[in-house]
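**Student:** Dropping the structure in here first, questions after.
The values are calculated or read from the model by the stated rules, or taken from the named source; none is laboratory data. Because the structure is predicted, anything quoted here is derived from the model rather than measured. Glycine also receives a Cβ, built like all others from the backbone with ideal geometry; neighbour counts cover every protein chain displayed.
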Amino acid sequence: MAELVEHYALGVVHSITDLGGMYNLNARLHTETGDYVLRIHRPWVTMPRLAFEQHIKRLLAGAGFPVVLPIPTIKGADVLSHQQRLIELESFIANDTPIKRWEHFPAMFTLLGDLHTFLAQEFPLSNVVPPVVSNYATPVQLIEQVEQTAELIANSPSSAKMIEIQQAGEICQVVLQMLAQQLPWWYAEGQHLPLRLTHGDYGMDNVLFCEDRIVALLDFDFLDVRERIFDLAYMIYWIYWRLEDVRYPELAPWQRVRTLLDAYNQASDQPLSTEEIQALPLELIRVPLYWIAEAGFLPDPVQAVLQQKDAIAYALRLFQQRDALGKAFALS
């Protein structure tokens, strides 16, 4: 911390608060010169990748998007390196709505439509530096990764509880069955959906509001080229997971999604196609399935899979109702 204070001339640091984050360490620094966010990246984040993210954010900021740019050090560097980790410092953006309400969501989808449109017009896909780790995979990739997770679980050390190994293995099989049933759709339609440079983690925690106005768009760690409908599906998944009773997804107000899709379309240079909206249920379902694939890369795959038991049960219920969801999402 002393080195950081020296590089940025922060003065006395009064307090440090953990802001959370699944992949990076994010901490709020309350100092005598102001409040800042310290971002410490994982070891796999390279300088070329981080430079790409910063370039995109500068383009967005220049176009008026509420993007937070890194603060340069006294010597003008945008990034520091410490113990094989890259470090950024940003201004802390005051916000007052940690839990979003339904009335906030149309504005968020309007911003997403603007974001996709701007990136498509201003940045060629051939220049993208992809992330080493993200939260996305195609059904084909997921099958391979979940099979690896299942194999690791089956070969767990003898010290692991047999009942937990069995339960985790059964969850993997449920996921594999859902993915296998998606393959015909993926080969026929899914892999041909429109691709865009997408945010990758567009969710309730990464769009900040203050007095019902969007004041910041955060976290471009997963920025990459994907089918653009996945960006919308990711956000919609988290809205319903956090705000509705996931035990009974059939009772959730899924028709409200139409309002969000309309808000996106009004801002987009290319309104969503019928095929994209029809794909939305399967894109939604794929969000939690990735976590089972990811479990194979974690220290304890058995516990990592068991932690997602409720999410996979929810995904299965959605999968069983995918036709009804498709009708609920259809725009007139």
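**Student:** Of the residues that make up region 257-266, is at least one basic (Lys, Arg), in the same structural domain as residue 121 (by TED's automatic domain parsing) and more than 18 Å from residue 228 (Cβ to Cβ)?
**Tutor:** No, there is no match, as no residue in region 257-266 is basic (Lys, Arg), in the same structural domain as residue 121 (by TED's automatic domain parsing) and more than 18 Å from residue 228 (Cβ to Cβ).
Residues checked against (1) over 23 Å from residue 204 (Cα atoms); (2) assigned to a helix (DSSP H, G or I); (3) within 18 Å of the chain's Cα centre (by Cα):
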{"residue": "245", "(1), (2), (3)": "no, no, no"}
{"residue": "256", "(1), (2), (3)": "no, yes, no"}
{"residue": "261", "(1), (2), (3)": "no, yes, no"}
{"residue": "284", "(1), (2), (3)": "no, yes, yes"}
{"residue": "287", "(1), (2), (3)": "no, yes, yes"}
{"residue": "294", "(1), (2), (3)": "no, yes, yes"}
{"residue": "328", "(1), (2), (3)": "no, yes, no"}
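**Student:** If you scan region 142-186, which residues turn out to be among the hydroxyl-bearing types (Ser, Thr, Tyr) and part of a helix (DSSP H, G or I)?
**Tutor:** 149
**Student:** Can you tell me which residue is surrounded by the most Cβ atoms within 10 Å (Cβ to Cβ) among those in region 300-322 that are free of Cβ contacts under 8 Å to residues at least 12 places away in the same chain and more than 17 Å from residue 152 (Cα to Cα)?
**Tutor:** Checked region 300-322; the qualifying residue surrounded by the most Cβ atoms within 10 Å (Cβ to Cβ) is 313.
**Student:** Given 282, 306, 289, 298, which one is modelled with pLDDT under 95, in the same structural domain as residue 186 (by TED's automatic domain parsing) and of a type in the set (A, V, I, L, M)? Lay out the reasoning, then the answer.
**Tutor:** Numbers: 282 fails: modelled with pLDDT under 95; 306 fails: modelled with pLDDT under 95; 289 fails: modelled with pLDDT under 95.
On inspection, the qualifying residue turns out to be 298.
**Student:** Could you tell me which of the residues 89, 80, 69 is at pLDDT 95 or above and not small (Gly, Ala, Ser)? So that I can check it myself, show each step before the final result.
**Tutor:** Values: 89 fails: at pLDDT 95 or above; 80 fails: at pLDDT 95 or above.
Only one candidate qualifies: 69.
**Student:** While we're on this one: Please specify each residue of region 179-189 satisfying the condition of being touching a Leu at 6+ places or on another chain (Cβ under 7 Å) and surrounded by 18 or more Cβ atoms within 10 Å (Cβ to Cβ). Talk me through it step by step, then tell me what you get.
**Tutor:** Taking region 179-189 first, the residues touching a Leu at 6+ places or on another chain (Cβ under 7 Å) are 179, 182, 185.
Hits for region 179-189 are 179, 182.
**Student:** Moving to a separate point now. Between a first residue in region 114-130 that is among the aromatic types (Phe, Trp, Tyr) and a second residue that is part of a helix (DSSP H, G or I), which pairs have beta carbons less than 9 Å apart while being 6 or more apart in sequence or on different chains?
**Tutor:** Close Cβ pairs satisfying both conditions: 118/59; 118/60; 123/55; 123/56; 123/59.
**Student:** Separate question: Among the residues of region 82-118, count how many are touching a helix residue (DSSP H, G or I) at 6+ places or on another chain (Cβ under 9 Å), part of a loop (DSSP other than H, G, I, E, B) and among the small types (Gly, Ala, Ser).
**Tutor:** Total satisfying the criteria: 0.
Let's see how each residue does on (1) in contact (Cβ under 8 Å) with a residue 40 or more places away in the chain; (2) over 21 Å from residue 129 (Cβ atoms); (3) under 21 Å from the mean Cα position of the chain (by Cα):
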| residue | (1), (2), (3) |
| --- | --- |
| 4 | yes, yes, no |
| 14 | no, yes, no |
| 26 | no, yes, yes |
| 60 | yes, no, yes |
| 69 | no, no, yes |
| 79 | no, no, no |
| 83 | no, yes, no |
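**Student:** Regarding residue 174, is this residue farther than 21 Å from residue 275 by Cβ, in contact (Cβ under 8 Å) with a residue 12 or more places away in the chain and either buried (at least 20 other Cβ atoms within 10 Å of the Cβ) or not assigned by TED's automatic domain parsing to the domain that holds residue 149 (or both)? Please lay out each step first, then the result.
**Tutor:** Numbers: farther than 21 Å from residue 275 by Cβ: yes; in contact (Cβ under 8 Å) with a residue 12 or more places away in the chain: yes; either buried (at least 20 other Cβ atoms within 10 Å of the Cβ) or not assigned by TED's automatic domain parsing to the domain that holds residue 149 (or both): no.
Judged against the criteria, residue 174 is not a match.
**Student:** Select, from 239, 171, the only residue that is in contact with a helix residue (DSSP H, G or I) (Cβ under 6 Å, 6 or more places away or on another chain) and either more than 21 Å from residue 68 (Cβ to Cβ) or not small (Gly, Ala, Ser) (or both). Steps first, please.
**Tutor:** Numbers: 239 fails: in contact with a helix residue (DSSP H, G or I) (Cβ under 6 Å, 6 or more places away or on another chain).
Within the list 239, 171, the selection yields 171.
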